[in-house]
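What follows is a set of notes on a single structure, which appears directly below.
Throughout, read-outs are computed from the coordinates displayed, never taken from laboratory work. From a predicted model like this one, the values you see are computed outputs, not experimental measurements. Reconstructed Cβ throughout: ideal geometry from the backbone, glycine too, with neighbour counts over all protein chains shown.
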Amino acid sequence: MQIPAGQPDPAGAGSGPGVVGSAPAGAGSAPAGGGDGTLEAGGGDGVSAADQTRLSMLVGALEGLRARLAATGFPLDAPGAQAARADRLAALDQLDGYLLPRLRAQAAPLLVVVGGSTGAGKSTLVNSLLGEQVSVPGVLRPTTRAPVLVHHPLDARWFSTDRVLPGLARTSTSTAAAPTARPGAGERGLRLVASEALPRGLALLDAPDVDSVEDANRELASQLFAAADLWLFVTTAARYADAVPWHLLHGAVARRAQVALVVDRVDPGAEAVVGDLRRMMDANGLADAPLFVVPETELVEGLLDEEAIGPVAAWLSDLGADEVGRRAVATATRDGVVDDLVRRAQVLAAAGDEQVAADERLRSAVARAYDDAIVQVRAVTSDGALLRGEVLARWQELVGTSELFRQVESGIGRLRDRAVAFLRGRPVQEPRVEQAIATGLQAVLIDAADGAAERAHATWRADPAGGPLVAGLDLSRSSPGLRASVDAQVRGWQRDVLDLVREQGEERRGAARYVSLGVNALGISLMVLAFSVTGGVTGVEIGIAGGTAVVAQKLLEAVFGDEAVRRLTVTARDRLDERVRDVLGVEAARYTAQLDALGASSADGDALRAAGREVATAARTERTTRPAAPGEPARRGPALRGARPSGAVAGAADQAAPAEPGFWRRLLRRRGGDVRP
Ligand SMILES: Nc1nc2c(ncn2[C@@H]2O[C@H](COP(=O)(O)OP(=O)(O)O)[C@@H](O)[C@H]2O)c(=O)[nH]1
Ligand SMILES: [Mg+2]
């Protein structure tokens, strides 16, 4: 018995499956594809070139969206990332496992996935419809067999490749062979069975339990439903209100997958259950879905009574014979998935924006920490602060506390003479001053780098997206190689300064003599001058440090002239800044390298949004240019067991051969369809 959709009338009024399509023929748009007369009955691939061209824009847009999704991971724990990761995989599955193969092979048979609750009788129903044991019914749970896909022998080519469900390995048997072929433990597979009992153009897939205790079985069940053109959802009088099946059914409603329900093993007198289920369906967006009731009977050789399955068999046979109806079903489900993808693209785009925002936020935290470090180094190396303590003491040892200092004050001519004397003497002290400067500079740099690492680490750790990245990494301190690289850069800078002095000596007439006398002393003087360019020295040391720098300046000016000294000082500072930036840049890269590796910045929400819009536009065009389904009645084809019972079963023949076939055609013509971007 079939309970007409939208009419909660379980009392078995004898209404056959033709009742639903009460809308006048031709009302609304005709969403059915094909129907241009070139389609072969029975699933040939005679799809017209015009139809393929019409679809190519949609396929192109979907491929674009697919590429975009493939390139967009959601690696950072930004808001919505967890859901987005699952959503993205589901979307890729929809595209690869169902939608793209469906669009590329429009003439492929209609895949009817028989799924539902544990032990509901799915396998028994499939076997009974075919009249042979193709799928092993099970008492023991969980069953771990590969799902069985039954198709007509002439339809084998549609399923033997990985056109649909590419993730599942195929094993093939004819129905004559015992159904023992099964994949190894943990291996996912699909057992293909060719059966003459099935009309061409229709395939039945016996799926695992949707509420299996095994995760893998449940996942596989949803994966198979996602690849279905039509869901045949089997439940029982005892389980029809369970949460898990309804969760899946809500998903089907949300993406407008075409669904029919079978309530199995209904005891005589339990019709109230059927009415209740019909009401649940009406209230949950399944008002249009047909509901079949299979009464509880004794199994004979494992098969249900023909009369019990008559309506389901007739309905499926009707669909098997009605190529245009089959196309209408496939197209309606396909449209729903396209719309679902368009919607997903928008949701994922928002999550992509969050990825980019988190990436930028984390990067700027690092930039801020290390920029501050650069500022800190610049401050300490330009306000004279470095010219204290050890550096000051060694410098004073070199220049003497008073002699040269007094000369500085008493005129340039004599200073030059004094400079010669100075440059000739005191070579012993030079390495000590250089060392003191190097040590001081190293300390400043390491201190700044340590502080930056601490700040960057603290900011990242407090950030939900940054926390997981620094967990287990020792980034709160500077890198172990910092000391060595600082040492190399400081020595490098000191060499830079000596080179500057040497070059200047070659350029300026008369200076070469001085430079040859004491390149080191002049270099040290330039270093000292570079450390006091802003002259922001305060407190008691102002006289000493300020005076110290003045000595260096006068000495250099005596040799090179004041113009050149200004230039040399600026250049020396620039070289120092460059090297400081290099050292700290390497330190900062320890953080940013994490982000570079994850590539969250490429999760471009706008690109995803645009790809989604393109699909929406292409889908709208495809739907408006869809040719109307022809009105001619479906051909009578071969029927499933129970659909054409012998004359002994009174009444069943009427149900099996409704006056006007094409239930789906009428139903879907009534509904129409629109894409919502
Ligand atoms: N008596 C009776 N047993 C049934 C009926 N349908 C299924 N079974 C039995 O219930 C158990 C589970 O059935 P099965 O088809 O494997 O359920 P599936 O898990 O949904 O595929 C098997 O032992 C079947 O023989 C029925 O209508 N009547
Ligand atoms: Mg089963």
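For this structure, a couple of remarks:
- Summarising the strand pairing of the stretch 182-333, around 10 percent of its internal DSSP beta bridges are antiparallel.
- Summed side-chain charge close to His247 - residues other than His247 whose Cβ falls under 13 Å, Lys, Arg +1, Asp, Glu -1: -1
- Environment charge of Glu563, counting only residues whose C-beta is closer than 15 Å and scoring Lys/Arg +1, Asp/Glu -1: +2
- Here the gap between Ala597 and Arg85, fully extended at 0.36 nm per residue and compared with their Cα-Cα distance, gives a gain of 182.6 nm.
- Residues Asp371, Asp93 in ascending order of nearby Cβ atoms (within 10 Å, fewest first): Asp371, Asp93.
- Annotation: amide H of Arg265 within the under-5 Å range of Val294, Glu296, sequence separation 5 or more or interchain, hydrogens built in the peptide plane.
- With the simple model of a label 7 Å out from the Cα in the direction of the Cβ, Ala350 to Ala270 spans 4.3 nm.
- Rough spin-label spacing in nm, given labels placed 7 Å along Cα→Cβ, for Ala67 and Asp606: 1.9 nm
- Amide N of the stretch 332-373 lying under 20 Å from the label point, which is placed 7 angstrom from the Cα of Ala462 along Cα→Cβ: 357-373
- Ordered by the number of other Cβ atoms lying within 10 Å of each residue's own Cβ, fewest first, Glu301, Glu430, Glu587 fall into the sequence Glu301, Glu430, Glu587.
- Around Asp496: net Lys/Arg minus Asp/Glu count, Cβ-Cβ under 12 Å: +1
- Theoretical FRET efficiency, 1/(1+(r/R0)^6), r = Cβ-Cβ of Trp246 and Ala50, R0 51 Å, to 0.05: 0.75
- Gain in span if fully extended, Ala169 to Glu196, counting 0.36 nm per residue against the direct Cα distance: 7.4 nm
- With the simple model of a label 7 Å out from the Cα in the direction of the Cβ, Arg157 to Glu507 spans 8.1 nm.
- For the stretch 435-522, trypsin sites (Lys or Arg not before Pro) meeting the loop criterion (DSSP other than H, G, I, E, B) and having at most 13 other Cβ atoms within 10 Å: Arg477, Arg509.
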